[in-house]
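Following: one structure in structure tokens, then a few remarks.
The values are calculated or read from the model by the stated rules, or taken from the named source; none is laboratory data. Just so we're clear, the structure is a prediction, and the values are computed from it rather than from any experiment. Cβ sites come from the backbone with ideal geometry, for glycine too, and all protein chains shown count toward neighbours. Note: areas computed on protein heavy atoms with side chains; ligands, DNA, RNA excluded. Shrake-Rupley method; radii C 1.70, N 1.55, O 1.52, S 1.80 Å.
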Amino acid sequence: MTKKTLNGAESLIKCLENHGVEHIFGYPGGAAIPIFDAIYDSSIKLILVRHEQGATHMADGYARATGKPGVVLVTSGPGATNTVTGLLTANMDSVPMIVICGQQITPVLGKDAFQEADVFGITAPVVKHSYLVKDPNDIPRIVKESFFISATGRPGPVLIDVPKDVSSSPCTTNIDDCDMDLPGFSKPEKPSIKDIKKLANTIKGSKKPLLLIGHGVIISQAHKQVLALAEKLGAPVTSTLLGMGGFPENHSLSVGFLGMHGTAYANKAVAECDLIFSIGSRWDDRITPAKIERFCPGAKKCHIDIDPAEINKILVPDASCVGDAKLILESLIPMVEPLDTKDWLKKTQKNKKKYPLSYKIHGGLKAQHVIDELCKLTNGDATVTTDVGQHQMWTAQFYNFKRPEQWITSGGAGTMGFGFPAAIGAQFGQPEQTVIAICGDGGFQMTLFELSTAVIHKLPIKIVIIDNKYLGMVRQWQELFFDDRLSGVDMVGNPDFVKLAKSYGAKAFRIKRPADVKKVLKQALDYNEGPCVIHAEVIKQDNVFPMVPAGAAAEDMIISRPTTKLQKPKGST
Amino acid sequence: MPKTSITREDSHTISLFVANKPGVLLRICLVFSRRGFNIESLVVSPAIDGRFSRMTITANGDKNVLEQIIKQCAKLIDVVHASEHDSSYSIEQEFALIKVRLKPKNRSEILQLVQHVQGESIDFSDNTLILKIVGESKKIDTCITMLEPYGILEMVRSGKMVITKGKSET
């Protein structure tokens, strides 16, 4: 029997199957029809979304929940340009993702044909790598390279632009056996023992050490090694927003997350430590002041990162090592001795008691109350996604994470509308987990149409809308730094989210009073027939504290609502 | 110093060995433009192994930003290596074509000058002369300064090309 020759699209889908792809988040269009046709006979489940941005955030949530690349399939022109925000989000947070775009036929490229766009050019700044496929015989190699690139070293999104004539033409190369051609790909370096020794020497003698863990700990699955190092040294551990889950927050050495809205005790530890050791964080501007010399003044700095370009980018560390965090820590742990940190730990513990994260349960419904109760009811075990803004910070403050791949939020890009679709992807990736999307009323409205997607697949996601009828974080800034001149932040015209959810066929609950929080959340958590929306109508005026104004140093932190007028921050945003 | 000089104090020369593929130049340019860096000169040509190209880029600016730019270039999948070069262990050469206004009274003066800098006059017209000069960028800068009083009508510079001395690879 002669084997049927596959066309480009069929070989593309076969290659995806061979790479273990189970789900494709997609939206069709003319230029992508051959590829959608190939899915028809495939074992891969197509998740039809309602907007391409939703598809990218789903793939992102899937990738962060599983560690495997999420796959997106869209059409040319606007279909492809709608993925740009999702690509940026994944690129900023080092998330493995493959975005496949249909493209107009090769002969009309650059001739302003219908739904033709320079997708390669438009997306170049927001991808780890990209391809414009000119020959169907290149498809097996390109797919193999894409998976390798997106997941190796520092992960990131890869885009494959496939013209329709290429996907329709025969592909005669062997899809099971093809070689990659990546002479320029720098494989992650094997950690240098010399560098690790220098790290050990720099740590030696520290009396006030602080471990700072970032997303790199989650990506490299180094959480056990972090725990071992922290316990051996007797060093407190703080984490960046994306590092949460890399160290159990209920551990006595945890001081929670640091930075702009981090805990007061984490930021106090930053201001006072004599050694700060970043493991897979990039000293991002949410945690470091604009004048970098004000960051941990007097403290020695150590830095582990898999991306050599991160070393010396923001600050010049006293010791650094390029490589996988897990491998480096495994070598480092036997080289270090326990430090004399008794006084330091006493101090951090004292600060934890002195400046606890708190909220008042009375005086109207508080977002913090809802999130705190969610944490208690789920025993801190749920996978949680968010958008960006006040609700995101409150979630980071009041949901106590303890395992990696449990906390999925848009950190670097700060993408509104991320949380809900990311939860859909996460639920596909972790079907056994309780998945909760905590959204703001603003962010939810940016991608709410994916309610259809969640309903169709009966995904038991809990979508908690923290509705203060404002774009709260911007309003907070205007209140504090712009004389309360509220401009463009009033969400007047919000829909009735309960009715809205019901119209999509989703279950919906409403919480208005603090007394109802526990009861309603319990009902929602017990409902697993499909998605449910919990509309939490919180008080309008609440703000997130503590707060380190942008660009300021940790010691300039504002612990609670100020009574005097504040100066405009000089930092970034 | 002439306005067109590429040998400023904060000038850096970067040499890259890259895959000879469409889009590579775009990605490298994005690394510069995202940081507000202007590329002063850029030379691209295929390497001996035609699957690769060699690039020499000169750019002016802060040393620390440039270190970041080189690292970000090296990180690109299609870039095999990227490094900064200094003249102590590499040969840097540039090529220039300069069209000078020619008047009967200064013709011999200009020709003498050309001879002095080991340039070559490659085209004459009634009132113009095109010179070819090869050498270090500084030398070309000097030639331009010297020719400016006579009136330079047009000029094309290749940009700096770099190759390392001895056996070590560029």
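Assorted remarks:
- The stretch A:328-413: C-alpha gyration tensor shape, a/c 1.5 cut-off, then a/b vs b/c: oblate
- Other-chain or far-sequence residues with amide H under 5 Å of A:Phe257's (modelled H): A:Ser239, A:Thr263
- With the whole protein complex present, A:Arg403 retains an accessible surface near 60 Å², based on a 1.4 Å probe.
- Per-atom-type breakdown for the stretch A:308-358 gives carbon and sulfur 53% of the accessible area (1.4 Å probe, protein chains only).
- Fraction of beta bridges assigned by DSSP in the protein assembly as shown that are antiparallel (%, nearest 5): 45
- Protein heavy-atom surface of the stretch A:399-441, 1.4 angstrom probe: 40% of the accessible area is carbon and sulfur, with nucleic acids and ligands not counted.
- Of the whole protein surface, A:Lys518 contributes about 110 Å² of accessible area at a 1.4 Å probe radius.
- Size of charge dipole - the stretch A:436-515 - debye, nearest 20, with Cβ of Lys, Arg +1 and Asp, Glu -1, no other charges: 560
- Remark: the A:Thr564-A:Gln349 segment gains 74.4 nm on full extension, using 0.36 nm per residue and subtracting the alpha carbon distance.
- Using Cβ point charges alone (K and R +1, D and E -1), the dipole size of the protein assembly as shown about the Cα centre works out to roughly 2080 debye.
- In the full protein context, the stretch A:321-426 carries 37 Å² of accessible surface per residue, based on a 1.4 Å probe and ignoring ligands, DNA and RNA.
- Per-residue ³J(HN,Hα) for the stretch A:8-22, Karplus 6.51 cos²θ - 1.76 cosθ + 1.60, θ = phi - 60°, Hz, x for Gly and Pro: x, 5, 5, 5, 4, 5, 4, 4, 4, 4, 4, 8, x, 6, 10
- Rolling a 1.4 Å probe over the protein heavy atoms leaves A:Cys375 with an accessible area of roughly 10 Å².
- For A:Leu159, nonlocal amide neighbours, meaning residues 5 or more places apart or on other chains whose placed amide H falls under 5 Å from its own, are A:Val99, A:His129, A:Ser130, A:Tyr131.
- Rounded Å value of the spacing that divides the Cα centres of the stretch A:157-202 and the stretch A:247-325: 29
- Label-point separation, B:Glu84 to B:Ser125 (7 Å along Cα→Cβ), nm: 4.3
- Semi-axis lengths, largest first, of the ellipsoid equivalent to the stretch B:11-85 are 20, 12, 11 Å, with √(5λ) applied to each eigenvalue of the Cα gyration tensor.
- Given charges at Cβ of Lys, Arg, Asp, Glu: the stretch A:141-203 dipole, positive-most of A:Ile203, A:Ser169, A:Ile142: A:Ile203
- For a label point 7 Å along the Cα-to-beta-carbon line of B:Lys21, residues of the stretch A:71-86 with backbone N under 20 Å: A:72
- Length, then width, then depth: along the principal axes, the Cα atoms of the stretch A:367-545 run 48, 36, 35 Å.
- Local net charge near B:Val162, Cβ-Cβ under 13 Å (Lys/Arg +1, Asp/Glu -1): -3
- Cut-off under 5 Å, modelled amide H: who pairs with A:Ile511 long-range: A:His535, A:Ala536, A:Glu537
- Rel. contact order, % - alpha carbon contacts under 8 angstrom, at least six apart, chain B: 28
- Under 18 Å from the Cα of A:Lys134 - lysines, other chains or at least 8 residues apart: A:Lys111, A:Lys144, A:Lys164, B:Lys21
- Residue order for A:Tyr40, A:Tyr527 - accessible surface, 1.4 angstrom probe, largest first: A:Tyr40, A:Tyr527
- Farthest towards the positive end of the charge dipole of the protein assembly as shown, among the residues B:Ile98, A:Thr341, B:Ile133, is the Cα of A:Thr341, using unit charges on the Cβ of Lys, Arg, Asp and Glu.
- Each of A:Phe114, B:Phe52 has its accessible area taken with a 1.4 Å probe; listed largest first, they run A:Phe114, B:Phe52.
- Cβ-derived FRET efficiency at R0 25 Å, A:Leu48 paired with A:Phe148, nearest 0.05: 0.30
- Surface share of carbon and sulfur [accessible, 1.4 angstrom probe, percent] for the stretch B:90-162: 51
- Taking each of A:Lys301/A:Lys346; A:Lys14/A:Lys462; A:Lys68/A:Lys326 in turn, the alpha-carbon distance tops 24 angstrom for A:Lys14/A:Lys462.
- Cα gyration tensor category, rounded, prolate or oblate, for chain A with a/c compared to 1.5: oblate
- Burial here means at least 40 square angstrom less accessible surface with every protein chain in place than with the chain by itself, probed at 1.4 Å; in the stretch B:62-80 the buried residues are B:Gln68, B:Lys71, B:Lys75, B:Ile77.
- Where only DSSP H runs of four or more residues are counted, chain A gives -10000 deg cm²/dmol as its mean residue ellipticity at 222 nm, each run worth -39500 (n - 2.57).
- Net dipole in debye of the stretch A:367-545 [+1 Lys, Arg Cβ; -1 Asp, Glu Cβ; about Cα centre; nearest 20]: 440
- Computed over protein heavy atoms with a 1.4 angstrom probe, the accessible surface ordering of A:Ile98, B:Ile70, largest first, is B:Ile70, A:Ile98.
- Reduction of at least 30 Å² in accessible surface, 1.4 Å probe, comparing all protein chains with the chain by itself, residues of the stretch A:183-207: A:Pro183, A:Gly184
- Computed label-point distance, nm, for sites A:Asp118 and A:His362 using a 7 Å Cα→Cβ extension: 6.4
- For the stretch A:6-171, share of DSSP beta bridges that run antiparallel, in % to the nearest 5: 10
- Candidate lysines - alpha carbon under 17 Å from A:Lys568, same-chain residues fewer than 8 apart omitted: A:Lys291
- Convex hull volume per residue in cubic angstrom - Cα atoms of the stretch A:495-562: 158
- Shown for the stretch A:291-336: residues covered by the partner protein chains by 50 Å² or more of accessible area relative to the chain by itself (probe radius 1.4 Å), namely A:Ala309.
- In Hz, Karplus ³J(HN,Hα) per residue of the stretch A:329-338 (6.51, -1.76, 1.60; θ = phi - 60°; x = Gly, Pro): 5, 4, 6, 6, 3, x, 8, 9, 10, x
- For chain B, the longest site-free run once GluC sites (Glu not before Pro) in DSSP loop states with at most 14 other Cβ atoms within 10 Å are removed: B:10-168
- Computed over neighbours whose Cβ is under 13 Å from that of A:Glu272, the net charge equals +3, Lys and Arg +1, Asp and Glu -1.
- Alpha-carbon centroid distance for the pair the stretch A:333-381 / the stretch B:83-157, whole angstrom: 71
- 1.4 Å probe accessible area per residue over the stretch B:11-85, in Å²: 43
- Label separation (B:Lys105 vs B:Thr145): 2.6 nm, computed from points 7 Å beyond Cα along the C-beta direction.
- Cross-link pairs beyond the 30 Å C-alpha cut-off, checked among B:Lys75/B:Lys167; A:Lys128/A:Lys268; A:Lys402/A:Lys499: A:Lys128/A:Lys268; A:Lys402/A:Lys499
- Neighbourhood charge, 12 Å Cβ-Cβ cut-off, centred on A:His303 and excluding it, Lys, Arg +1 and Asp, Glu -1: 0
- DSSP beta bridge pairing in the stretch A:367-545, given as percent antiparallel to the nearest 5: 5
- Once the 1.4 Å probe is applied to the protein heavy atoms, the stretch B:90-162 comes out at 57 Å² accessible per residue.
- Interface area, chains B and A: about 1500 Å² of buried accessible surface, summed, with a 1.4 Å probe and ligands, DNA and RNA left out.
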